[in-house]
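Here is the structure we will look at.
The values are calculated or read from the model by the stated rules, or taken from the named source; none is laboratory data. This structure is a prediction, so every number in the text was calculated from the model and none was measured. As a convention, Cβ positions derive from the backbone with ideal geometry for all residues, glycine included, and neighbour counts pool all protein chains shown. Keep in mind that these areas ignore ligands, DNA and RNA; they rest on the heavy atoms of the full protein, side chains included. Shrake-Rupley method; radii C 1.70, N 1.55, O 1.52, S 1.80 Å.
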Amino acid sequence: MLGAHIDFSWLFDPTQLDHIAVSPSERRDARQVEALARVAESQGIAQRADVRAARQAADQLVLAEAARRSLVNSIQPTDADIAKWIAAHPGRYDEYRLRHIFVAIGPTRGGATRPEREALALANRLRARIGGGERFEKVAELASEDASTAAEGGALSDLLGVTMDEAFYSYVKDLPVGAMTQPVRGPEGFHLIKLEVRQPATVASARYWVEQDMIKERLPGLIANAIAQENAKVADRR
C-alpha cells in the first residue's frame, strides 16, 4: 500500500520529527501521497460517496486515538503512588543480574537429538556438579548449549522482573542472591539460573514500567466510563 510504511506518529507529537530519520524513498512516497490527494480533490474524487465514507471513518479513528491518548495522559501517578505500587508488586520492578546454563531438547550443538528426559537428567547432573563445588561460570562455559552466553560464563544482560519471561521470573523472584534454580523448562530446553545481584526498585528506576502497568490496568475502565458519560449526554439531549 502506498505510503504504508511511513511513520505518521508525529501527527500527535510534532516534536518527534526531530527524531525520525526520513529516507529519500520515504520523502518521495510522502510527496506522491500529497500530490495524489490534490488529484483526488481537483478531479472530484473526494466527493464520491465511498471516499467520503472512508474519510469519515479515518476521521473517527484519528479522533478515537486522540481521546485514548488524552485518557492515557490523565494517568499521572505521584511519587507516593509509584512507591505504593512497587510495594504491592514485590520484585516485579527490581533489576536482576543472572547467569544461566542451557541444556537443549531435540537437536544439540553436537548434532545429536536429545529427548526431554535426557535433557532434564543432564541439567540435574550439571546442577549436582555445581553443588559439589564447581564454579557455575566454568560449568556454563564448558557445558551450556547457549553459544551466545557460554563464553561469558552464562552471563545474561541485566533484566527487570517486569521484562523477564514469566516462566523464568516465577523462579527467580524468590531466589536468594548467589543461589541457583532447579532446572527450569523453557521453550527449547532446560535452564539452570543463578542470581548474582538483585537491585531493588526505586521510584525513579521503576516509574516508566509502573506507569505502563497502571495504564494497562486502568485504561479500559477510563474508556468505558468516558463512553458511558458521552452516551448519557446524548440521551439527555433527546
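Here are a few things to note about the model shown:
- Hey, Ala83 surrounded by 15 or more Cβ atoms within 10 Å (Cβ to Cβ) and part of a helix (DSSP H, G or I) or not: yes
- Looking across Gly178, Gly161, Gly154, one residue alone is open to solvent by 40 Å² or more (accessible area, probe 1.4 Å), in contact with a Lys or Arg (Cβ under 9 Å, 6 or more places away or on another chain), of a type outside the set (A, V, I, L, M, F, W, C) and under 30 Å from Ile86 (Cβ atoms). It is Gly178.
- Scanning the range 181-201 for residues that are within 14 Å of Val162 (Cα to Cα) and open to solvent by less than 90 Å² (accessible area, probe 1.4 Å) yields Arg198, Pro200, Ala201.
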